[in-house]
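Below you'll find the structure, written out as structure tokens, and then a few comments.
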Amino acid sequence: MDASCDVLVVGAGPAGCAAAVAARGAAPGLAVTVVDAARFPREKLCGGAITGGGQRELALAGLSLRVPHAVATHVVLRAAGISQRVELPHPAVVVRRVELDADLVAQARAAGASVVEGAALQDIEGDVARTALGPVRFRALVAADGVGGASRRALGLPAGRRVPLRETRQPSPRQGDLLFDLDAGVAGYAWRFPCIDGGRGFETFGVYSVQRDGSLDAALSRFTEREGVALGPAVPSAMRLFEPRAPVGVGRALLAGEALGADPLAGEGIRYALWSGRIAGALAARAAARNRAPSLADYRAQLLASRSGLLLQLTSRIALRLYGADPRWRRVAADRPVAEALAALISGEAPVGPLARLLWRFPAAVRRSRGPE
Ligand SMILES: Cc1cc2nc3c(=O)[nH]c(=O)nc-3n(C[C@H](O)[C@H](O)[C@H](O)COP(=O)(O)OP(=O)(O)OC[C@H]3O[C@@H](n4cnc5c(N)ncnc54)[C@H](O)[C@@H]3O)c2cc1C
């Protein structure tokens, strides 16, 4: 590995690969190095659903979907005992991360980035990152090492808001809808997604809570029992949630992907990893080309002014209510036009129409849900 580069990206998941490709695109002459602790192909616990909005971000990042995937045309939202099956304006795809991420690494390499595997970041001192394969000097850094990476600590940033998940899967010929069950008895939802693994049909089952919750295993058991499937033990994991007012970086470093935070409403992380990775990579490259630190104010402004950024601010607010203590909010999600507007938003539609529908329907749905608890 070279001992210096212009842009150093820590982590080669979707955020890191998007950052590397964007950095190369913004300043093609710059040396862009990506270091990852793992060797690819590597597993990543994930439902693997990429919504229409995620596919739009993939294209904006200059990346292509080239791996096998299941296609889901409908989403089922179960809330307050009511199920709404809504057609997604743009179908979602469901990938296996072991395949997707290895292919994104190949695409980042093809764009001219140097991806170094088995090079875990250990520490950062000034403009030098210490890795398992030696030190690397950088002009700008994108920290894209996910929920469990070392970069936040190394940069002296707070750990952020991390919440628990459980996931398990089993072979299944059923390749149905994306099911979100808000009646799972947790401050979040349980999910059932189709997927394809090694050419065979599978399904993933999981549960997600925006609070630290000791009852996730029991909630997942109840959910799978209700779904009529018997599953083995689930794997525990965590997700860092996006916080609109939290730091987006420090000094020469920008946070991207789940090092920054994922969507608390749908637990969607791939879309937002591609989104923030792309913006951070381009900004870091332009700053490195002028030997300046990237502007954190510009980064925040670009994030929040984009389509995905506007949606993320909205979903962060909705999640607070929907998964909060008052169960009446959950009934709002059972309102069909609200479910349709949410489906349009996650499908990546220009936000004006769906947002207008949400703003129009939400108060009426809330009023209707003001029945007894
Ligand atoms: C159970 C579960 C289900 C989920 N389901 C979905 C879903 O269906 N759809 C969706 O959109 N999102 C889902 N998510 C969220 C999604 O998986 C993440 O938000 C997304 O992977 C974030 O991408 P990233 O590139 O930021 O990080 P990651 O994909 O986590 O990649 C980070 C990379 O950094 C590397 N790394 C870690 N530490 C270091 C280090 N010290 N030095 C160097 N490299 C390091 C890792 O090896 C890894 O390759 C789910 C998450 C979980 C836990």
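Every number in this text was worked out from the coordinates using simple rules, so none of it is lab data. All figures in this text were calculated on a predicted structure; none of them were measured in a lab. Here the Cβ positions follow ideal geometry from the backbone for every residue, glycine too, while neighbour counts run over all protein chains shown.
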message: If each DSSP helix of 4+ residues adds -39,500 (n - 2.57) and the sum is divided by the residues in the chain, what number results at 222 nm, nearest 500 deg cm²/dmol?
response: -11000 deg cm²/dmol
field: Positive-end residue of G251, A72, G146, charge dipole of the chain with Cβ unit charges
entry: G251
message: Show me the trypsin sites (Lys or Arg not before Pro) within the range 9-114 that DSSP assigns to loop and that have at most 12 other Cβ atoms within 10 Å of their Cβ.
response: R39, R66
query: Just in the range 28-127: which GluC sites (Glu not before Pro) are loop by DSSP and have at most 12 other Cβ atoms within 10 Å?
result: E43
field: Loop trypsin sites (Lys or Arg not before Pro), the range 185-263, which have at most 10 other Cβ atoms in a 10 Å radius of their Cβ (DSSP)
entry: R245
message: Could you work out the percent of alpha carbon pairs in the range 108-252 separated by over 28 Å, rounded to a whole number?
response: 41 percent
- prompt: Taking the Cβ of W191 as the center, what net charge do the other residues with Cβ under 12 Å away carry, scoring Lys and Arg +1 and Asp and Glu -1?
  reply: -2
- prompt: Cβ under 12 Å from R56's Cβ, R56 left aside: what net charge do those residues give with Lys, Arg +1 and Asp, Glu -1?
  reply: +1
- prompt: With the contact rule set at Cα under 8 Å and sequence spacing of 6 or more, what percent relative contact order holds for the chain?
  reply: 23 percent
task: Can you pull a Stokes-Einstein diffusion coefficient for the chain at 25 °C (0.890 mPa s), Rh from Kirkwood over Cα pairs, as a whole number of µm²/s?
output: 118 µm²/s
query: Net charge near G118, counting Lys/Arg +1 and Asp/Glu -1 over other residues with Cβ under 12 Å of its Cβ?
result: 0
query: Cα centroids of the range 98-114 and the range 156-200: how far apart, whole angstrom?
result: 25 Å
Centre separation in Å (Cα based) which lies between the range 261-291 and the range 63-85: 24 Å
message: Please report the antiparallel percentage of the DSSP beta bridges confined to the chain, to the nearest 5.
response: 70 percent
statement: Computed about the Cα centre, the charge dipole of the range 325-370 from +1 Lys/Arg and -1 Asp/Glu charges at the Cβ has a magnitude in debye, to the nearest 20, of 340 debye
field: All-pairs Cα distance distribution in the range 325-370, expressed in whole percent, bin size 5 Å
entry: 5, 26, 30, 20, 13, 5, 1
message: Placing unit charges on C-beta atoms (Lys and Arg positive, Asp and Glu negative, everything else neutral), compute the dipole magnitude of the range 47-169 about its Cα centre in debye, rounded to 20.
response: 320 debye
